[in-house]
Amino acid sequence: MSADIFAGQPGDADLLAAIYDLEHDAVSTDLGFYRRLVRRSRGTLLDLGCGSGRLFHAFLDGGASTVHGVDGSPALIRRAELRIAADDRLAAAAEGGRLTVGLGDVRRPPKGRWRWITAVGVLPHLEGPEAALQMLTAAAQRLRREGRLVLDDIGPGGLPERDLPLSIDWERDLDGRAVTRRSQLTRRATPDGLRVDYLTMTDAVRADGTIARLPARFRLWYPSHSVLEGLLDEAGLAIELTYGSHDLEPLTEESDRRIAIAIPRR
């Protein structure tokens, strides 16, 4: 993201990154969407906030000529490198120079011209409109004339309607050891969107049977649609298409996702 999402969190950043993958690798509903999207116009792709590279396969399967992933977390970049090394298809793409990853700030993406720039789950982790405008402006400057920026985040229907007390989210297995995550959140409506203070408490059983307790706190920001449109306009971009799901449903107030595809403003 804009910075290391695990920075300042107590505990082992590499274990937090492994738990991040345990949760996010279970998501597959968007893989077909990104394969089909890239097939519309194959070319170079920049994945901002790439995490550990969950979407790399979909981008390459869609025919992206090159994929470069950027993330602010050293632990997640290490996980991405491990993912690539363990997967024959990804390793071959990396060996051929078609797949690269690097540590970086999404507000200052690497130089170059890109046919696609994706930012999946990135906006909420920015500090607010100022940081978002920095990222959007930089993305606009790095898009080709025919390029597209894809913003993919939680939609209006997926946002919490009230504060939620500490409760169990899930219980899963990590390398044969039990992991339990609890979370709580408090929300605050502001003129620029919804602010959410999100606290997680993850208990992971270590190899010796003891429990590692990993608390983490994230301050998330979900811009309203009108604010997002204004920021895109200020950055020199315009919304071409919106979807309310990865099945291309229309965006409504009940949509669980908000996918906005933006183009350079002529």
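Structural remarks
- Taking amide hydrogens as placed 1.01 Å from N in the peptide plane, the amide H of G155 sits under 5 Å from those of R257, R258, each at least 5 positions away in sequence or on another chain.
- Rg/Rg_ref, the range 191-252, where Rg_ref = 2.2 N^0.38 Å and atoms are Cα: 1.82
- Calculated [θ] (222 nm, deg cm²/dmol) that DSSP helices of n ≥ 4 give over the chain, each run adding -39,500 (n - 2.57): -8000 deg cm²/dmol
- Under the combined filter of DSSP loop state and at most 14 neighbouring Cβ atoms within 10 Å, the range 230-265 retains these trypsin sites (Lys or Arg not before Pro): R265.
- The local environment of T190, defined by Cβ-Cβ distances under 14 Å, has a net charge of 0 under the rule Lys, Arg +1 and Asp, Glu -1.
- The range 144-215: relative contact order in percent, alpha carbon pairs under 8 Å with at least 6 residues between: 21 percent
- Probe 1.4 Å - accessible area at E234, Å² to nearest ten: 120 Å²
- The gain in end-to-end length when the R195 to D61 segment is fully stretched comes to 44.6 nm, 0.36 nm per residue minus the alpha carbon separation.
- Highest average first, the peptides 171-180, 222-231 ordered by how many other beta carbon atoms sit within 10 Å of their residues are 222-231, 171-180.
- For D169, residues with placed amide H under 5 Å, excluding near neighbours: R181, R182, S183
- Using the alpha-carbon positions of the range 70-131, Rg (one decimal) and Dmax (whole number) come out as 13.5, 41 Å.
- Phi angles of the range 109-119 translate, via the Karplus equation with coefficients 6.51, -1.76, 1.60 and θ = phi - 60°, into HN-Hα couplings of x, x, 5, x, 10, 10, 6, 10, 10, 10, 9 Hz per residue; Gly and Pro are given as x.
- For the peptides 100-111, 59-70, 187-198, the ranking by packing is 59-70, 100-111, 187-198, with the highest mean count of neighbouring Cβ atoms within 10 Å listed first.
- Karplus-derived HN-Hα couplings along the range 160-174 (A = 6.51, B = -1.76, C = 1.60, θ = phi - 60°), whole Hz, x at Gly and Pro: x, 8, 7, 5, 10, x, 4, 8, 6, 8, 6, 10, 9, 10, 10
- Approximating the spin labels as points 7 Å out from Cα along Cα→Cβ, the R217-to-W170 distance works out to 2.5 nm.
- Å² of accessible area per residue within the chain, as computed with a 1.4 Å probe and no ligands counted: 47 Å²
- Applying a length cut-off of 30 Å (Cα extent along the axis) and a mean Kyte-Doolittle floor of -1.0 to the DSSP H helices of the chain leaves no helix.
- What a 1.4 Å probe finds exposed on the chain is 50% carbon and sulfur by accessible area, rounded to a whole percent.
- At q = 0.09, 0.11, 0.22, 0.23 Å⁻¹, base-10 log of I(q)/I(0) for the range 1-125 (Debye sum, equal scatterers on each alpha carbon): -0.23, -0.34, -1.41, -1.52
- Structure-derived Rg and Dmax of the Cα atoms in Å: which label, when the choices are [x] 16.9, 55; [y] 19.2, 70; [z] 18.3, 61: [z]
- Environment charge of W114, counting only residues whose C-beta is closer than 9 Å and scoring Lys/Arg +1, Asp/Glu -1: +4
- Taking Cβ atoms as reference points and 12 Å as the exclusive limit, the residues near S226 contribute a net charge of -3, counting Lys and Arg as +1 and Asp and Glu as -1.
The values are calculated or read from the model by the stated rules, or taken from the named source; none is laboratory data. Note that the structure is predicted; figures quoted are calculated from it, not measured. Reconstructed Cβ throughout: ideal geometry from the backbone, glycine too, with neighbour counts over all protein chains shown. Ligands, DNA and RNA are stripped out before the accessible areas are found, and what is left, the full protein with its side chains, is counted by its heavy atoms. Shrake-Rupley method; radii C 1.70, N 1.55, O 1.52, S 1.80 Å.
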